[in-house]
1. Are there any pairs, at least 6 apart or on different chains, whose C-beta atoms fall under 9 Å, with the first in region 8-21 and within 14 Å of residue 39 (Cα to Cα) and the second among the aromatic types (Phe, Trp, Tyr) and assigned to a helix (DSSP H, G or I), and if so, which?
2. Restricting attention to region 18-46, which residues are of a type in the set (S, T, N, Q) and either in a loop (DSSP other than H, G, I, E, B) or touching a Cys at 6+ places or on another chain (Cβ under 9 Å) (or both)?
3. Find all pairs meeting these conditions: Cβ atoms under 9 angstrom apart; at least six residues apart or on different chains; first residue within region 38-51 and at positive phi; second residue hydrophobic (A, V, I, L, M, F, W, C).
4. For residue 20, all conditions in the list (1) closer than 29 Å to residue 86 by Cβ; (2) surrounded by fewer than 16 Cβ atoms within 10 Å (Cβ to Cβ) hold save one; what is the number of the exception?
5. Only one of these is within 17 Å of residue 57 (Cβ to Cβ) and touching a Pro at 6+ places or on another chain (Cβ under 9 Å): 18, 29. Name it.
6. Mind checking whether some residue in region 43-59 is under 18 Å from the mean Cα position of the chain (by Cα) and under 30 Å from residue 81 (Cβ atoms)?
7. Would you confirm whether any residue within region 55-69 is touching a strand residue (DSSP E or B) at 6+ places or on another chain (Cβ under 7 Å) and not in a loop (DSSP other than H, G, I, E, B)?
Amino acid sequence: MRLDRFLCELNIGTRSQVKAFIRQGIVAVGGIPAKDPNQRIDELSDRVTFRGTPLEYRRYVYYMMNKPEGVVSATRDNVSRTVVSLLGNSMIETVGVSCPVVWERTPERTSFRWAGWTRM
């Protein structure tokens with residue numbers, strides 16, 4: 001994976017901001033300041049730091065919960081509370097860009113649907 005993409009996926013900044021950070025030398029790979037935004041890294045084994053803080057790459061973040069009664073299995077609803085609203089802002093900010101998948105389970109079937117890309 002390219003270094004600039006890695007940093008963007010972690011919500012460090014936009015692609016242009018991340019490239020500027022790399023050229024300023026505040027991003028290091030393996031303890032050596034990076035200079036090229038197109039530098040290839042192994043996101044699972046290379047040690048990447050931003051302003052001295054180590055970054056940990058997680059491609060997906062999963063949350064599992066038991067849906068309380070009265071809460072709807074949706075990402076948005078004008079009437080009722082939704083399962084996404086139960087997550088809270090701090091958890092959503094941790095994820096940044098998310099693609100919520102809402103699982104619906106009834107005694108007859110278990111199904112899922114893609115809720116779409118959202119910027120939280």
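Every number here is computed from the coordinates shown, using simple stated rules; none is lab data. Fair warning: this is a prediction, and the values are worked out from it, not measured in the lab. Here Cβ is always computed from backbone atoms with ideal geometry, including for glycine, and neighbour counts include all displayed protein chains.
1. 18/6
2. Hits for region 18-46 are 38, 39, 45.
3. 51/21; 51/26; 51/27
4. Just one mismatch for residue 20, condition (1).
5. Numbers: 29 fails: touching a Pro at 6+ places or on another chain (Cβ under 9 Å).
None of the others qualify; the one that does is 18.
6. yes
7. Residues of region 55-69 touching a strand residue (DSSP E or B) at 6+ places or on another chain (Cβ under 7 Å): 55.
Remaining after also requiring not in a loop (DSSP other than H, G, I, E, B): none.
Within region 55-69, none of the residues are touching a strand residue (DSSP E or B) at 6+ places or on another chain (Cβ under 7 Å) and not in a loop (DSSP other than H, G, I, E, B).
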